[in-house]
Amino acid sequence: MPIGRAWSVALVGLDGRLVEVEADLGGGLPGIKLVGLPDAGLREAKDRVRSAIRNSGQHWPEDKLTLGLFPANLPKLGSGYDLAIAVAVLASAGKVPATRLLGTVLLGELALDGRVREIRGVLPGLLAARKAGVKRAIVPSHSLFEAALVDGVEVYGAARLRDVVAWLEGENALARPDPPAEAAPPGVPDLADVIGQPEARWALEVAAAGGHHLLLTGPPGVGKTMLARRLPGLLPMLTAEESLEVTAVHSVYGQLSPITPLIKVPPFIAPHHSVSEAALIGGGAGIATPGLVSQAHRGVLFLDEAAEFGAQRLDSLRTALEEGEVRIARARGSVRYPARFQLIMATNPCPCAPPRETDCSCSPTQRRRYLSRLSGPLLDRVDLRVRLRPLTAMSRHEGREPEPTEVVRKRVLAARDRAAARWSAHGWKTNAEAPGPALHREFALPPGATALLDRSLERGALTARGADRCLRIAWTLADLAEAGEPDADHVAAALEFRDRRAA
C-alpha cells in the first residue's frame with residue numbers, strides 16, 4: 001500500500017518546525033510502531049487514534065502499521081499530533097483521498113470517541129507553519145479564535161474526526177473563524193489614587209518613559225505596591241508585532257480569552273515570593289517550559305517583598321535583564337523564550353519593618369544581611385532606586401490634586417516618541433534598549449556633561465555598567481524635558497537615582 005502522509009507542527013519553546021507524519025501499512029504481523037523521538041504522551045497516541053478512528057465509523061487496518069515523524073531527531077512532545085496521525089493512517093489505508101493534505105497542517109488531540117480536543121500553542125504553531133510556506137490549517141474548533149490571529153493561512157475548525165474525513169472527501173465544509181472582536185481596553189488603577197510620594201511618582205514616570213527597571217524601598221503601607229500596579233497604565237499599547245509575541249507566549253500557557261485573544265495591553269505579572277526558580281525562569285523535565293518572566297514579556301514583572309524571594313531566584317533574573325530572553329538547556333534540547341520586561345521590585349528596609357523607622361528593633365547587622373539578599377550584580381542592573389517615606393497626612397497638600405494617569409501618560413508617550421525617532425535607524429524603541437557602545441560613540445555627550453560620571457568611576461562608586469545605565473536615564477530625563485540631549489544636570493539627576501543608599 002502507498003505511504004500516507006500528513007503534516008503537523010512541533011514546538012520547541014516558541015520556535016516551531018514542520019513535522020511530516022508518515023504511515024506505512026504491511027510487512028509483518030499486526031501491530032503499531034511509532035518512531036521519531038516521541039515523548040510518553042505521544043507514545044500513547046496510537047491507542048487514542050485507534051479508538052477515535054473506530055468510533056468515527058472507519059475501519060482500523062489489521063496489518064502492521066509503522067508511524068514515522070520526520071525530522072526523526074527532533075523531540076516530539078504532547079498530544080497535538082493525534083489528528084495528523086489519524087489522517088495519515090486513513091490515507092495509507094486508502095480511506096481518504098490525499099489531494100487536500102498537501103500544504104495543510106493538522107493540529108489537535110483526539111478523544112476516544114473521535115472528538116477533536118483543543119491543545120496549547122496553536123498560535124505559535126501556525127506562525128511557524130506560515131513561515132514554512134503552509135497555506136492551510138485544520139485546528140480544533142475551540143481553538144479557532146486563536147488561529148484567526150494568523151494572517152496568510154486559511155484556517156478551518158473541526159469538532160470531530162468524522163468532519164475532517166468528510167472534508168477530505170469533499171462532502172462538507174469545516175467551520176471558519178469569526179473576525180476577532182474589538183474589546184475596550186481593560187481598566188487600570190489610576191495614579192491619582194496615590195497620595196504623596198512625589199519622588200516615587202517621578203521615578204515611576206521616568207521608568208515608564210525609558211523602559212527602566214525600578215526598586216522601591218520603604219516601610220509597609222507607604223504605597224510601593226500601589227505605584228507598581230499603576231505602571232502598565234502609563235505604558236503605550238503593544239504594537240501588532242509585539243501583540244503576537246506576547247499572545248504566542250500566553251498561548252503556550254493556554255491562557256487566551258476566547259472573546260479577545262489578542263493581547264494589546266502590556267501584561268502585569270506579580271508572583272508570590274514562594275515561587276520556585278523553575279516557575280520564575282522556566283524549566284521542567286524534557287523540553288523546558290516558559291516561566292513567569294516570559295509571561296511578563298513586553299510588560300511588567302513586579303516582585304513584591306523582593307528580599308523574601310531569596311538570592312538564588314533573584315540572581316537568576318540577571319541574564320534576562322541584560323539580554324531580554326532566557327535560554328534553558330536540558331538533556332533533550334535547548335530552548336529560548338522571550339523575556340524583555342520591566343522589573344519593579346519593592347522591599348522593606350529591614351526584617352521587622354515597623355511603620356516608623358524609629359521603632360525598628362533590628363541591629364545594623366540584621367539590616368545589612370536582609371538587604372544583602374538583593375545582590376550587587378542585580379542592583380547594578382536596576383536603573384532607578386527610590387526610598388519612600390511614611391505619610392505624614394492623608395489630606396492633599398496645598399489643595400493640589402495628584403496628577404491622574406492620563407496626564408502623566410501623555411508625557412510618557414511624547415518622551416517615548418522622541419526616543420523612538422532617535423533610535424529608529426538602529427531598531428531600538430526605548431532608551432533602556434540602547435547599548436553602551438552606541439552611547440559612547442554615536443551619541444556621546446560632551447565632557448562637561450559627563451564629568452560627574454567620570455569622577456564616580458574614578459572613585460569606584462560606579463561600575464561601567466552603572467555608568468551606561470546612568471546615560472540611558474539621562475537621555476530619558478532629557479526626553480521628558482524636551483531637550484535635544486542631556487546636560488550635566490540630567491546626568492547628575494540620573495546618578496542620584498542610582499545612589500545605593502536608596503536600597
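The values are calculated or read from the model by the stated rules, or taken from the named source; none is laboratory data. Note that the coordinates shown come from a computational prediction; the quantities given were computed from them, not determined experimentally. Here the Cβ is made from the backbone with ideal geometry for all residues, glycine too, and neighbour counts use every protein chain on show. Ligands, DNA and RNA are stripped out before the accessible areas are found, and what is left, the full protein with its side chains, is counted by its heavy atoms. Shrake-Rupley method; radii C 1.70, N 1.55, O 1.52, S 1.80 Å.
Taking first residues from region 282-306 that are outside any loop (DSSP other than H, G, I, E, B) and partners that are at pLDDT 95 or above and among the basic types (K, R), no Cβ contact under 7 Å between residues at least 6 apart in sequence or on separate chains turns up.
Write out, first by first residue and then by second, each pair whose Cβ atoms fall under 8 Å of each other, whose residues are 6+ apart or on separate chains, and whose first residue, in region 1-24, is aromatic (F, W, Y) while the second is buried (at least 19 other Cβ atoms within 10 Å of the Cβ). As it stands, the answer is W7/V19; W7/V21; W7/A84; W7/L101; W7/T104; W7/V105; W7/L106; W7/V134, since those pairs meet every condition given.
Total residues in region 313-338 satisfying the condition of being of a type outside the set (D, E, K, R) and at pLDDT 90 or above: the figure is 10.
Evaluation of Q295 against the conditions (1) within 11 Å of the chain's Cα centre (by Cα); (2) of a type in the set (S, T, N, Q); (3) open to solvent by 40 Å² or more (accessible area, probe 1.4 Å) shows that the sole unmet condition is (3). Just one of the listed residues (V165, V194, V188) is closer than 20 Å to P267 by Cα and of a type in the set (A, V, I, L, M, F, W, C), namely V188. Step by step: first the residues of region 1-16, then only those that are of a type outside the set (G, A, S) and surrounded by 18 or more Cβ atoms within 10 Å (Cβ to Cβ), then the one that is farthest from K131 (Cα to Cα). Which residue is that? The extreme case among them is R5.
Among the conditions (1) over 21 Å from A414 (Cα atoms); (2) open to solvent by less than 50 Å² (accessible area, probe 1.4 Å), P258 misses just one, which is (2).
Residues checked against (1) open to solvent by less than 60 Å² (accessible area, probe 1.4 Å); (2) of a type in the set (A, V, I, L, M, F, W, C); (3) over 34 Å from the mean Cα position of the chain (by Cα); (4) at pLDDT 90 or above:
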position	(1), (2), (3), (4)
L439	yes, yes, no, yes
E442	no, no, no, yes
L445	yes, yes, yes, yes
A461	no, yes, yes, no
A474	yes, yes, no, yes
L477	yes, yes, no, yes
L480	yes, yes, no, yes
A483	yes, yes, no, yes
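When restricted to residues that are β-branched (V, I, T) and under 30 Å from the mean Cα position of the chain (by Cα), region 62-105 contains 2. For region 124-140, check the following and say yes or no: at least one residue is without any contact (Cβ under 8 Å) to a residue 24 or more places away in the chain and under 25 Å from A52 (Cβ atoms). So far as region 124-140 goes, no, none of its residues is without any contact (Cβ under 8 Å) to a residue 24 or more places away in the chain and under 25 Å from A52 (Cβ atoms). Please verify whether region 400-409 includes one or more residues that are in a helix (DSSP H, G or I), open to solvent by 50 Å² or more (accessible area, probe 1.4 Å) and farther than 26 Å from K224 by Cα. For region 400-409, residues in a helix (DSSP H, G or I), open to solvent by 50 Å² or more (accessible area, probe 1.4 Å) and farther than 26 Å from K224 by Cα: absent. Contact annotation: residue pairs with Cβ atoms under 7 Å, 6 or more positions apart or on different chains, pairing a residue in region 430-449 that is assigned to a loop (DSSP other than H, G, I, E, B) with a partner that is open to solvent by 30 Å² or more (accessible area, probe 1.4 Å) and modelled with pLDDT under 95, are A434/W428; L445/E485.
Within region 350-364, the residues that satisfy the criterion of being surrounded by fewer than 16 Cβ atoms within 10 Å (Cβ to Cβ) and part of a loop (DSSP other than H, G, I, E, B) are P351, C352, P355, R356, S361, S363. Restricting the search to helices (runs of 4 or more DSSP H) fully inside region 20-122 and requiring at least 2 residues that are open to solvent by less than 50 Å² (accessible area, probe 1.4 Å) and among the β-branched types (V, I, T) gives 45-54, 82-92. Within region 420-435, none of the residues are open to solvent by less than 40 Å² (accessible area, probe 1.4 Å), farther than 21 Å from R340 by Cα and of a type outside the set (S, T, N, Q). Looking across R336, R313, R327, one residue alone is out of contact with any strand residue (DSSP E or B) (no Cβ under 8 Å at 6 or more places or on another chain) and either open to solvent by 10 Å² or more (accessible area, probe 1.4 Å) or assigned to a loop (DSSP other than H, G, I, E, B) (or both). It is R313.
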